[in-house]
Amino acid sequence: MNIYRYDAVIVGAGLAGLSAAIETKKAGLKTCVISKLHPLRSHSGAAQGGINAALNEADTTSHEFDTIKGGDYLGDQDAIKTLCQKAPETIRRLERMGAVFSREADGTIAQRAFGGQSKPRACYAKDRTGLTCLQTIYEQADRLGVEFVEEWFAGDLLYDPLSRAAYGVSAMKLATGEIAVFNAKATLFATGGYARCYATNSNAHANTGDGLSLFLRKGLPLEDMEFVQFHPTGLAGSGVLISEAARGEGGRLYNGLNERFMEKYAPQKLELAPRDVVSRAIEREIAEGRGAGENKDAIWLDLTHLGEELIAQKLPELRDLAKSFLGIDMVKERVPIRATAHYSMGGVPTDNECRAKASETLLTSGLYAAGECACVSVHGANRLGANSLLEAAAFGRIAGETIVRDINDLALIKADATDALRFADETQRLLSSRGGERVAALREKLQKSMSANAGVFRDQTSLKNQTEIIADLRDRFSRIALRDKSKLFNTELQEALEFGHMLDYSALIVAGALSREESRGAHYRTDFPNRNDETFLRHTLGYLNDEGKTRLTYADVTIGEYQPETRKY
């Protein structure tokens with residue numbers, strides 16, 4: 001059993017993890033980044049449309065307000081202020097590192113409109129912004145000598161509940177099945193989102209929420225898990241993302257009756273209303289029989305009026321995606337789309353410096369989270385488009401800076417071989433299982449039922465039904481069988497581990513949604529269609545016990561100078 005010791009272990013190699021790694025490495029800390037993928041395949045690279053910043057810093061206040069209002073007033077306003085104030089320097093830092101942003105004719109960084117924003121502030125690199133940022137920051141991390149441990153699957157968080165202290169992870173090398181311990185004073189999770197538990201989603205196959213489950217299994221809470229964002233424009237059938245940049249550049253939505261229907265739902269903002277508003281409008285048009293396409297189960301996204309030159313210059317990847325997946329050239333034809341599960345507002349609760357919380361009032365020691373897997377609560381109930389890359393880059397850097405400040409106060413809890421036993425036992429149990437259930441079938445059942453019962457629209461009946469389905473799937477998962485018993489690149493074993501994680505956090509999504517008897521942001525209850533600030537202007541903290549039972553508590557929302565008011569667009 002190999003035990004590797006570091007000052008800082010970072011799980012996840014997307015924009016947040018790499019931003020943190022650069023800071024810890026620059027400070028001289030022995031740092032490694034563990035990822036089940038090559039870093040350049042991390043999901044940050046799939047972000048297309050832009051990264052927000054008020055480059056005219058007089059606009060920072062309106063960026064704050066747009067973010068608070070877009071999040072339906074559930075975001076913590078002190079954290080949002082930090083996000084927006086850090087935005088201009090975050091762009092300048094990326095640019096100095098080498099990120100090539102698109103430019104206006106006068107040489108300034110180009111910015112495009114995004115939904116729910118009072119003015120254009122999304123900086124972009126054509127429609128490949130995330131990939132540009134990820135490649136840039138990976139190059140810098142590699143240049144500094146950050147150690148990358150690629151294609152290792154983190155399967156257990158090393159955590160002492162008595163001292164509330166973390167001391168690393170145990171992980172499996174996917175190529176050989178070897179399990180090793182990565183022991184550290186500081187452990188940061190930056191493992192991305194969890195929309196893969198839905199049948200139609202825009203997430204990479206790797207986005208199975210592994211980090212969230214590892215926290216739950218140590219008795220640690222997750223926050224606001226019921227808030228899952230559905231992006232309005234996923235390609236019909238596959239859910240592959242067509243960036244908000246398409247609407248930002250002037251794309252229009254039409255139903256099957258050729259009506260520009262957003263005039264009914266958001267008469268001022270139209271297609272550039274926030275994502276929750278547009279997604280509900282799309283799904284309502286389809287549900288009420290005004291869908292487009294042969295099966296009336298889609299909506300038209302029309303870009304034909306923009307012209308080939310603009311699309312080639314600003315949206316080349318979107319054009320390629322529509323051609324590749326649907327055989328449609330958006331220069332000449334409308335593209336069928338519908339809402340797709342896209343982003344996770346909930347996650348590991350942290351303070352504003354990315355330290356993970358152990359409860360409503362207590363912090364952990366040596367344990368941090370940043371990026372989409374974290375809930376520092378800058379997105380509230382609904383994230384504004386182009387704030388995700390910003391959060392990952394800005395709070396990833398904050399996480400690294402916090403670790404550097406904390407490190408001298410953290411004592412290394414020395415791991416030994418017994419710390420690998422829990423994960424080793426889990427993998428051995430799966431490999432030796434001889435039941436009759438198949439992981440692929442169980443996963444399909446989970447994803448389809450989550451879309452049907454805990455999707456864009458939910459109610460008490462659907463959520464109670466989903467609670468029972470998850471309990472049944474958990475029982476059936478105990479009786480699976482793997483055909484592949486080997487340890488060499490055993491993807492069937494990896495999928496089983498990932499499915500176990502998906503079951504864990506899906507239970508929290510449903511429990512939080514069932515308890516929250518109101519509609520707010522991306523969480524819409526048809527049986528409680530109005531927002532209820534008196535009872536539910538609060539964060540949900542969810543716990544999971546060994547039997548799969550959930551427990552919820554609540555925490556206050558930090559309100560600043562902006563008092564909640566009705567959202568109108």
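Based on this model, can you work out whether residue 75 counts as closer than 30 Å to residue 537 by Cα and touching a residue at least 24 places away in the same chain (Cβ under 8 Å)? Criteria met by residue 75. Taking first residues from region 434-461 that are within 18 Å of residue 195 (Cβ to Cβ) and open to solvent by 50 Å² or more (accessible area, probe 1.4 Å) and partners that are part of a helix (DSSP H, G or I) and of a type in the set (Asp, Glu), the Cβ contacts under 8 Å between residues at least 6 apart in sequence or on separate chains come to 443/495; 457/283. In region 194-215, the residues that are more than 29 Å from residue 359 (Cβ to Cβ) form Cβ pairs under 6 Å with partners that are in a loop (DSSP other than H, G, I, E, B) and of a type outside the set (Phe, Trp, Tyr), at six or more places apart or across chains, as follows: 200/239; 201/239; 202/239; 206/37.
In the set (1) within 30 Å of residue 422 (Cα to Cα); (2) open to solvent by less than 10 Å² (accessible area, probe 1.4 Å), residue 206 fails one condition alone, (2).
If you go through region 496-540 and keep only what is of a type in the set (Ser, Thr, Tyr) and under 18 Å from the mean Cα position of the chain (by Cα), you end up with 505, 506, 540.
The single condition among (1) exposed (fewer than 15 other Cβ atoms within 10 Å of the Cβ); (2) within 28 Å of residue 128 (Cβ to Cβ) that residue 294 does not meet is (2). Can you find a residue in region 328-345 that is of a type in the set (A, V, I, L, M, F, W, C) and surrounded by fewer than 24 Cβ atoms within 10 Å (Cβ to Cβ)? For region 328-345, residues of a type in the set (A, V, I, L, M, F, W, C) and surrounded by fewer than 24 Cβ atoms within 10 Å (Cβ to Cβ): present. Here residue 144 passes the criteria (1) open to solvent by 10 Å² or more (accessible area, probe 1.4 Å); (2) touching a strand residue (DSSP E or B) at 6+ places or on another chain (Cβ under 6 Å) except the one numbered (2). Screening residue 411 with (1) assigned to a loop (DSSP other than H, G, I, E, B); (2) open to solvent by 60 Å² or more (accessible area, probe 1.4 Å); (3) closer than 28 Å to residue 551 by Cβ gives one miss only, at (3).
Is at least one residue of region 278-286 β-branched (Val, Ile, Thr) and farther than 22 Å from residue 384 by Cβ?
Taking region 278-286 and keeping what is β-branched (Val, Ile, Thr), we get 278, 282, 286.
Next cut, farther than 22 Å from residue 384 by Cβ only: 286.
Checking region 278-286: at least one residue is β-branched (Val, Ile, Thr) and farther than 22 Å from residue 384 by Cβ.
So residue 125 passes all but one of these: (1) of a type outside the set (Val, Ile, Thr); (2) within 27 Å of residue 8 (Cβ to Cβ); (3) touching a helix residue (DSSP H, G or I) at 6+ places or on another chain (Cβ under 6 Å); (4) without any contact (Cβ under 8 Å) to a residue 60 or more places away in the chain. Which condition number does it fail? Of the numbered conditions (1) of a type outside the set (Val, Ile, Thr); (2) within 27 Å of residue 8 (Cβ to Cβ); (3) touching a helix residue (DSSP H, G or I) at 6+ places or on another chain (Cβ under 6 Å); (4) without any contact (Cβ under 8 Å) to a residue 60 or more places away in the chain, the odd one out for residue 125 is (2). Look at region 180-203 and say how many of its residues are of a type in the set (Ser, Thr, Tyr), open to solvent by less than 10 Å² (accessible area, probe 1.4 Å) and under 15 Å from the mean Cα position of the chain (by Cα). Count: 2. Cβ-Cβ distances below 9 Å connect the following pairs, each with a first residue in region 514-543 that is without any contact (Cβ under 8 Å) to a residue 40 or more places away in the chain, a second residue that is open to solvent by 40 Å² or more (accessible area, probe 1.4 Å) and among the basic types (Lys, Arg), and a separation of six or more residues or different chains: 518/531; 519/531. Among the residues in region 392-402, are any open to solvent by 10 Å² or more (accessible area, probe 1.4 Å), in contact (Cβ under 8 Å) with a residue 60 or more places away in the chain, touching a helix residue (DSSP H, G or I) at 6+ places or on another chain (Cβ under 7 Å) and not hydrophobic (A, V, I, L, M, F, W, C)? Yes, region 392-402 contains at least one residue that is open to solvent by 10 Å² or more (accessible area, probe 1.4 Å), in contact (Cβ under 8 Å) with a residue 60 or more places away in the chain, touching a helix residue (DSSP H, G or I) at 6+ places or on another chain (Cβ under 7 Å) and not hydrophobic (A, V, I, L, M, F, W, C).
Looking for something over 21 Å from the mean Cα position of the chain (by Cα), buried (at least 24 other Cβ atoms within 10 Å of the Cβ) and either not in a loop (DSSP other than H, G, I, E, B) or not hydroxyl-bearing (Ser, Thr, Tyr) (or both) - is there at least one such residue anywhere in region 272-279? So far as region 272-279 goes, no, none of its residues is over 21 Å from the mean Cα position of the chain (by Cα), buried (at least 24 other Cβ atoms within 10 Å of the Cβ) and either not in a loop (DSSP other than H, G, I, E, B) or not hydroxyl-bearing (Ser, Thr, Tyr) (or both). Looking at the structure I just gave you, is residue 522 surrounded by 15 or more Cβ atoms within 10 Å (Cβ to Cβ) and either at pLDDT below 95 or over 29 Å from residue 66 (Cα atoms) (or both)? Against the criterion (surrounded by 15 or more Cβ atoms within 10 Å (Cβ to Cβ) and either at pLDDT below 95 or over 29 Å from residue 66 (Cα atoms) (or both)), residue 522 does not qualify. Residues of region 360-379 that are more than 17 Å from residue 396 (Cβ to Cβ) and open to solvent by less than 10 Å² (accessible area, probe 1.4 Å): 366 alone. Taken together, the residues in region 284-302 that are acidic (Asp, Glu) and in a helix (DSSP H, G or I) amount to 1. Of the residues that make up region 374-388, is at least one under 30 Å from residue 177 (Cα atoms) and touching a residue at least 12 places away in the same chain (Cβ under 8 Å)? Yes, there is a match, as at least one residue in region 374-388 is under 30 Å from residue 177 (Cα atoms) and touching a residue at least 12 places away in the same chain (Cβ under 8 Å).
Yes/no per residue for (1) under 27 Å from the mean Cα position of the chain (by Cα); (2) not hydrophobic (A, V, I, L, M, F, W, C):
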site	(1), (2)
404	yes, no
433	no, yes
440	yes, no
448	yes, yes
454	yes, no
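None of 327, 347 is at positive phi and free of Cβ contacts under 8 Å to residues at least 24 places away in the same chain except 327. Residues in region 331-383 that are out of contact with any Asp or Glu (no Cβ under 9 Å at 6 or more places or on another chain), hydroxyl-bearing (Ser, Thr, Tyr) and assigned to a loop (DSSP other than H, G, I, E, B) were compared, and the one that is farthest from residue 297 (Cα to Cα) is 361. For first residues located in region 479-495 and under 13 Å from residue 433 (Cα atoms) and open to solvent by 90 Å² or more (accessible area, probe 1.4 Å), partners that are basic (Lys, Arg) and not in a strand (DSSP E or B) and lie 6+ apart or on another chain with Cβ distances below 9 Å form the pairs 483/438.
The sole residue among 213, 238 that is outside any strand (DSSP E or B), in contact with a strand residue (DSSP E or B) (Cβ under 9 Å, 6 or more places away or on another chain) and surrounded by fewer than 20 Cβ atoms within 10 Å (Cβ to Cβ) is 238.
The values are calculated or read from the model by the stated rules, or taken from the named source; none is laboratory data. What you see is a predicted model, and the numbers here were worked out from it, not measured in a lab. Ideal geometry is used to build each Cβ from the backbone, glycine not excepted, and the neighbour counts take in all protein chains shown. Keep in mind that these areas ignore ligands, DNA and RNA; they rest on the heavy atoms of the full protein, side chains included. Shrake-Rupley method; radii C 1.70, N 1.55, O 1.52, S 1.80 Å.
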